[in-house]
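The values are calculated or read from the model by the stated rules, or taken from the named source; none is laboratory data. The structure presented is a predicted model; accordingly, all values stated were derived computationally and were not measured. Glycine gets a Cβ as well: all are built from the backbone with ideal geometry, and neighbour counts include every protein chain shown. Just the protein is used for accessible areas: all its heavy atoms, side chains included, with ligands, DNA and RNA removed. Shrake-Rupley method; radii C 1.70, N 1.55, O 1.52, S 1.80 Å.
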Amino acid sequence: MTQRVLVAAELKNLLDSAELAGLDVTWISSEQPTPKGDFVAVVPLLSRWIGGTELKHLPNLRIVANVAVGYNNVDVVAAEMRKVVVTNTPGVLTDATADLTWALILATTRRLVEGVDLVRTGKWTGWHPEQLLGLELRGRTLGLFGAGRIGQAVGRRSPGFGLRILYTARSAKSEFETETGAIRVEQSRLLRESDILSLHVPASPETKGVINAESLARMKPGAILINTARGDLVREEALAEALESSHLGAAGLDVYTEEPAIHPRLLAAPRTVLLPHIGSATEETRRKMATIAIANVQSVLAGRPPLTPVY
Ligand code: NAP
C-alpha cells in the first residue's frame, strides 16, 4: 500500500526512485504553505515551520523528517504530544559545516573579501607592506561556544594553525580535550579570552540572543565572531553596532535571524563576510541529508524505530 507523504520539492534531484519506493509523494516547494490532508509523513526544509497548526491539519501524520541537524523549525513539544516522531540528520553534515566554519575564520582573519574587492574594482596599486594586514592565527585563542559534533570538528582542524582552544558545553569532552588540548571554561571566560569566537550551539529558548550587546561588550577588542550555527543566537543590530564602533574586528556569518533577510545595519556593517546559509552545501552531504530523511520516513512507516530521532 502506498503512503501519502509530503516532501520538499527542492530535494527531487538528490533522491533516487528506489529510496522513494512505496511512497506516494506530493512535492511541496518552499513558497507553498504546508498542505492539509491525510499525509503520514512530511520531509521539510529548515525554512518550513511545522507547529501546532500544521500538525492539526495533518491528523494522520506519523513523522516529521527534518532535512537538517538543527530542528528549531519544528515544534517538538507539540509533535511529541501528538505522538509524531521528529527526526534530523546529525553527523553527515559535520565535516562540511566545520570546513565552512574554517573558510569563514580564514576569510575574516585574512580579510579575503576586502582583498577580492580591491582587485576586482581595479583599485589595487601593487604590493604594500601595510596593505590588508590581518590577524596571525598562531598563538591566538579559538573559543568554541558549543562543542558537540561540529564544534569539536572545528577544534580538531585547528592544531595545524597553532591555536589554543577554549570551549563551553553542558558536559566535559575529555577525549576532545586530550586530543586537542582544549580547555572547558565558563561562558564569561570564553567571551573574555577568545580572539575568534565560533558559535556551535543549537537555537533554543536558552540560547536565543546569547550574543547580544552585553556579551559583545565583554569580548576582546578586535575579536572576530563566526556563526555557522543559527541566526537566532545573535542580536544582529547589536553585532552591527559592535562592528561599526570597531570593538569587533570582523564577523563571518552563514546564518541569520530572518533568513533570507539580513538586518540592514548588519548588511551595511564593515568587515563582514556574509554567506547564504551554505554550511552543509556539498554534493555528498546534501545527498546524505536527503537520504537519511527519507530513510527515517521509510523506517517509521514500516513500523520500525526512526534512525535519528530528536527525542
Ligand atoms: P550537537 O552535536 O548537538 O552539539 C551542540 C553543542 O551545543 C553541544 O556541545 C551541547 O552541549 C551544546 N549545547 C546545547 N544546548 C546548549 C545550551 N542550552 N547551552 C549551552 N550549550 C548547549 O550539534 P551539532 O551537530 O554540532 O550542530 C550544532 C548546530 O549547528 C545545529 O543545532 C544547527 O543549528 C547548526 N548547523 C548549521 C549548519 C549550517 O548550514 N550553517 C549546518 C549544520 C548544523 P553538550 O554536548 O554538553 O550537550
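Would you confirm, using the coordinates I've provided, whether A213 is under 22 Å from the mean Cα position of the chain (by Cα), over 27 Å from R138 (Cβ atoms) and more than 16 Å from the ligand (Cβ to nearest atom)? In short, yes.
Picking from residues in region 181-210 that are of a type in the set (V, I, T) and within 13 Å of the ligand (Cβ to nearest atom), the one that is nearest to R140 (Cα to Cα) is V185.
Of everything listed in (1) among the hydrophobic types (A, V, I, L, M, F, W, C); (2) in contact with a strand residue (DSSP E or B) (Cβ under 8 Å, 6 or more places away or on another chain); (3) over 22 Å from R184 (Cα atoms); (4) touching a residue at least 60 places away in the same chain (Cβ under 8 Å), the single unmet condition for I105 is (3). Within region 152-169, not a single residue is over 21 Å from the mean Cα position of the chain (by Cα) and within 12 Å of the ligand (Cβ to nearest atom). Exactly one residue out of R265, R218, R304, R271 is away from the ligand (no atom under 15 Å from the Cβ), open to solvent by 60 Å² or more (accessible area, probe 1.4 Å) and in contact with a Gly (Cβ under 8 Å, 6 or more places away or on another chain), and it is R271.
For beta carbons closer than 6 Å, sequence separation of 6+ or different chains, a first residue in region 156-176 that is over 15 Å from F145 (Cβ atoms) and open to solvent by 20 Å² or more (accessible area, probe 1.4 Å) and a second that is within 14 Å of the ligand (Cβ to nearest atom) and among the basic types (K, R), the qualifying pairs are A172/R184. Scanning region 10-65 for residues that are more than 17 Å from L301 (Cβ to Cβ) and part of a strand (DSSP E or B) returns W27, I28, I50. Within region 134-155, being open to solvent by 70 Å² or more (accessible area, probe 1.4 Å) and either without any contact (Cβ under 8 Å) to a residue 40 or more places away in the chain or in a loop (DSSP other than H, G, I, E, B) (or both) holds for E136, R138, R140.
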